[in-house]
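Read the structure below first, then the notes.
Read the figures in this text as sums done on the coordinates, not as results from a lab. Keep in mind it's a predicted model, so treat the numbers as computed, not measured. Neighbour counts are summed over all protein chains in view; Cβ atoms, including those assigned to glycine, are modelled from backbone coordinates with ideal geometry.
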């Protein structure tokens, strides 16, 4: 089985930063690549801040933080990932974008390297086909926020071999994560269940059944959810929610997965959630205020 020691992460956003964070704490050397060094530096600042919070909670020590941060290195280009034993793509949930990344990455990988995608919905088999080595490709879907959430979905493509699967499972185990295995169907397990619920909550708002506050309060207190579905959508990113619903709708050809027009409207407006301070809530003040 491939011995994973160096991990490459493509994408320095929230998910990529989280994957780099937990990988470095677990003792892996990590190389992080994005379209600019500034984005990687921003991710390192985020990781440092998140680790500081872990120290405050007693989860790690300051020595752990300093040691882990030394293990993370910016990768200026994809060629810099040539030494990696595992490369995880954590770019935006766009199939054309991901396909282009894997096409560009292909010539720089060593033959035994494992490639994973953190996609939350897109076909692993289809993405694997672009890599030239589909046997070494697997879906490694982390939950957000990565340092906090315990689950990782592992998804085998039709060509993924046993060695790749076991290497990915062992890697996730060393991160302290619990693995669940999903078949390669649109949105896998978590988002196949979660996103239609969120989409239905948006339809409930769209049809005037309840306000933002009423819907989120109802699900928090009536279903004992830790966060209402509309607030959760803001945290996920409404653009990501829409992308996943589109994958479900197109992949399964069932009208029950049709994205709510109100979700589409918010994304078109650029109000895609907490990352831009506006979504179903406005986050620009001291407290979030519903926008509808």
**Inter-centroid distance (Cα atoms) of the stretch 257-273 relative to the stretch 274-292, Å** = 15 Å
**Prompt:** For the peptides 90-99, 132-141, 4-13, what is the packing order when you average, over each peptide's residues, the other Cβ atoms within 10 Å and list the highest mean first?
**Reply:** 4-13, 132-141, 90-99
**Prompt:** Relative to the longest principal axis of the chain, what angle (0 to 90°, nearest 10) does the C-alpha long axis of helix 95-105 take?
**Reply:** 10 degrees
**Request:** Sort all Cα-Cα distances of the chain into consecutive 5 angstrom bins from zero, then give the percent of pairs in each bin up to the one containing the longest distance.
**Result:** 1, 6, 12, 16, 17, 16, 14, 10, 6, 2, 1, 0
**Prompt:** Could you give the distance between the Cα centres of the stretch 33-79 and the stretch 105-184, to the whole Å?
**Reply:** 22 Å
**Message:** Based on C-alpha coordinates, I'd like the Rg and Dmax of the stretch 22-180, in Å.
**Reply:** 15.5, 45
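If packing is taken as the average count of other Cβ atoms within 10 Å, what order do 246-256, 33-43 fall into, highest mean first?
33-43, 246-256
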**Message:** Taking just the alpha carbons, could you work out the radius of gyration and Dmax for the stretch 192-290, both in angstroms?
**Reply:** 12.9, 43
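Quick one: of the DSSP bridges fully inside the chain, what percent are antiparallel, nearest 5? Please list the in-between numbers first.
Working: 9 of 34 bridges.
That works out to approximately 25 percent antiparallel.
Sorted from fewest to most neighbouring beta carbons within 10 Å, what does the list 3, 282 look like?
If I rank by nearby Cβ atoms, fewest first, I get 3, 282.
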**Complete:** To the nearest 10 degrees, the tilt of helix 14-25 (Cα long axis) against the first principal axis of the alpha carbons of the chain is 40 degrees
**Prompt:** How far is helix 37-56 tilted, in degrees, relative to the longest principal axis of the Cα atoms in the chain, given as a value from 0 to 90 rounded to the nearest 10?
**Reply:** 80 degrees
**Request:** Place the peptides 143-153, 217-227 in order of packing, highest mean first, counting for every residue the other Cβ atoms within 10 Å and averaging per peptide.
**Result:** 143-153, 217-227
